[in-house]
Amino acid sequence: MSETPVGAPRIDSSKRTWLIASGCAGAVGGVATAIPFVSTFQPSEKAKAAGAPVEVDIASLKVGEKITVEWRGKPVWILRRSPEQVALLPKHDAQLADPQSKRHPDEFTPVYAQNEGRSIKPEVLVVVGICTHLGCSPVDRLQSGPQPSLPADWEGGFLCPCHGSTFDLAGRVYKNKPAPDNLPVPPHMYLSDTRLLIGEDKKA
C-alpha cells in the first residue's frame, strides 16, 4: 500500500523561477502599455505652449541687431533700430501702401503701434516675420544702399524672396508690391526696460 504525501505538492524550483519571471514581465508590460494610454489624456508640452506669452530679455540687443523668437508657431522679430534709422522712417511715407498702419488694425497693428515706428519704444521694432502675401518669410536687408532686387535709394528693411515684396524698417510694405499689408505687430508689452512679453498687452 502506497503512502499519500501530506500537505501541498512541491513545485520544482525551476518552474517557480519561470512563473515569477513571467508574472513580473506581464506586470511590467501592462504598466508600459498603460502609461502611454493614460498620457494621451494629458495635453502635450507643445499644446500647453501654444498661444502662451513669451518673455524675452533684450538687454544685450545692440543697435542694428535682430533676434527671432517663436510665438504661436510664428517667427517674431525684435530689431533694435538706431536713432538715425527711426528719424528716416517718415521719409518713406509717400512710397508706402499704408504708412500710418490704418488698414486692418485689429489684425495687423494694435493701437499702441499705430505710429511712424509701429512700436511702443521708437528704437525697438516687434513684428511677425511672415509676408502678408503668401506667408513666406522675408529676409533681412537692413543695410542701406543699392543691393540686388532693391532700389538704388534703399534705406534698409526686409525683402520677401518669394515674390519681391519689400518692407521698410518699421515693417511697412512698399506700394505696388504683391503683399497687401504691413507685417503684423503681435500683442506685446514691456515688463521692464529690458524685458518684453510677446503675446499679451493687457497693460498697454
Any idea which of Asp140, Asp193 is in a loop (DSSP other than H, G, I, E, B) and open to solvent by 20 Å² or more (accessible area, probe 1.4 Å)? Asp193
Considering region 123-135, residues that are part of a loop (DSSP other than H, G, I, E, B) and of a type in the set (A, V, I, L, M, F, W, C), and then whichever is least open to solvent (accessible area, probe 1.4 Å), we arrive at Cys131
Applying the selection to region 104-122, what residues are part of a loop (DSSP other than H, G, I, E, B) and either open to solvent by less than 60 Å² (accessible area, probe 1.4 Å) or more than 19 Å from Val63 (Cα to Cα) (or both)? His104, Thr109, Pro110, Gln114, Asn115, Glu116, Gly117, Arg118, Ser119, Lys121
Check off (1) at pLDDT 95 or above; (2) farther than 26 Å from Ala52 by Cβ; (3) in a loop (DSSP other than H, G, I, E, B) for Phe167 and give me the number that stays unchecked. (3)
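The values are calculated or read from the model by the stated rules, or taken from the named source; none is laboratory data. This one's a predicted model, so the numbers in the text were calculated from it and none came from an experiment. When we count neighbours, we look across all protein chains shown, and the Cβ atoms used for this are built from the backbone with ideal geometry, even at glycine. The protein model used for the area step is the full one, side chains on, heavy atoms only, and it has no ligands, DNA or RNA in it. Shrake-Rupley method; radii C 1.70, N 1.55, O 1.52, S 1.80 Å.
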